[in-house]
Amino acid sequence: MTKKIPVQSHRKLFENIKTLLNDARKAVVRNINSAMVMTYFEIGRMIVVDEQQGKVRADYAKETLKNLSLDLTREFGKGFSERNLENMRKFYLSYAPKISQTLSAKSETVSRISAQALPLGWSHYLLLIRIANEEERRFYEIEAASQNWSVRELERQFNSSLYERLVLSRDKKKVNDLSEKGHILATAQDVIKEPYVLEFLGIKEESAYSENDLESAIINRIEHFMLELGKGFLFAGRQVRFSFDEEHYYVDLVFYNRLLKCFVLIDLKIGKLKHQDLGQMQMYVNYYDRYVKSADENKTIGIILCKDKHKALVEITLPEDNEQIFAQKYQLYLPSKEELKKQLEE
């Protein structure tokens, strides 16, 4: 008589094999994407070298791409339009200096170094080569690779002007770190953006809504909100109650940041910021520091997201050495890059 295999044992075996196969498929996809990126990089290099031999005349370059597109399409099918070949050319010109620096810095093979130097997929690089500012482009490449952003997430962060918003909320000494190291969280100030962009909530700027409506919309899109908050955030709860002196108080949203090892409290205000709002957040932060956080955790951060704020009011209400309480504007639409760049220039 055949012995029956226990269902639980069979299920575990099946799950292990499924995980192995899925990992193998992902590895194959990664290898294919890496090979595609490096092939397109090399095609771009060949086109540029050919142009240089032709003295980079505009009519020569245009005719070369046209004829090359026809021949490659005839031989290999789709994917070699003049526009795609131009993208490969631009890709090489944008990233050749980075590849050269990496090769000169290490004594590894070209293929291995190149795969490390160009870790993203081709679709990511199609978006990145549209960014003219080299420092901004490096920032988005670092973040996309380290945070494993999909192309859609990368596009959203770019369209929401994440780089400009981080630059506006930092001192000049830390701005260079963005393009060299990406978004590093070391202090409470590193969490802050100006403004926070909440277009994904689907709330119209001109519509009437309450703070409860705003909070519910955030909870319904909590993954998108945490992506906007940035790295290391864990959601702890909404309307989190604490009590003392027989009074109950409620924090709109409570998060924990595992990189900074601290609680982050968020209060939502749809009207103009008042000094009472700052005082209330100070009380919330004090309570968490004294009664909730453990001895090995860092001080609590409090962020008030408001539609409008008066900078002078914030400065006069909070202590001069304040490093815990922040009043930051939010908006329900994607910001104008031109407007933010103008602020940067000013």
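Could you list, in sequence order, the residues of segment 158-174 that are touching a residue at least 40 places away in the same chain (Cβ under 8 Å) and either assigned to a helix (DSSP H, G or I) or under 15 Å from residue 135 (Cα atoms) (or both)? Answer for segment 158-174, where residues must be touching a residue at least 40 places away in the same chain (Cβ under 8 Å) and either assigned to a helix (DSSP H, G or I) or under 15 Å from residue 135 (Cα atoms) (or both): 159, 161, 164, 165, 167, 168.
Here residue 238 meets each of (1) buried (at least 18 other Cβ atoms within 10 Å of the Cβ); (2) more than 30 Å from residue 142 (Cα to Cα); (3) of a type outside the set (Asp, Glu) with one exception, condition (1). For segment 290-329, the candidate set comprises residues that are surrounded by fewer than 19 Cβ atoms within 10 Å (Cβ to Cβ) and hydroxyl-bearing (Ser, Thr, Tyr); within that set, the residue that is nearest to the chain's Cα centre (by Cα) is 294.
Restricting segment 270-284 to residues that are surrounded by 20 or more Cβ atoms within 10 Å (Cβ to Cβ) and either in contact with a Ser or Thr (Cβ under 6 Å, 6 or more places away or on another chain) or more than 25 Å from residue 298 (Cα to Cα) (or both), the residue that is modelled with the highest pLDDT is 278.
Those helices (runs of 4 or more DSSP H) of segment 67-144 in which 2 or more residues are modelled with pLDDT of 90 or more and out of contact with any helix residue (DSSP H, G or I) (no Cβ under 7 Å at 6 or more places or on another chain) occupy 82-105.
Residue 271 meets the conditions (1) under 23 Å from the mean Cα position of the chain (by Cα); (2) over 19 Å from residue 200 (Cα atoms); (3) of a type in the set (Gly, Ala, Ser) in every case but one. The failed one is (1). Taken together, the residues in segment 175-208 that are assigned to a loop (DSSP other than H, G, I, E, B), in contact with a helix residue (DSSP H, G or I) (Cβ under 8 Å, 6 or more places away or on another chain) and of a type in the set (Gly, Ala, Ser) amount to 2.
The values are calculated or read from the model by the stated rules, or taken from the named source; none is laboratory data. Since the model is a prediction, treat every value here as computed from it, not as a measurement. Cβ: placed from backbone, ideal geometry, glycine included. Neighbour counts: every protein chain shown.
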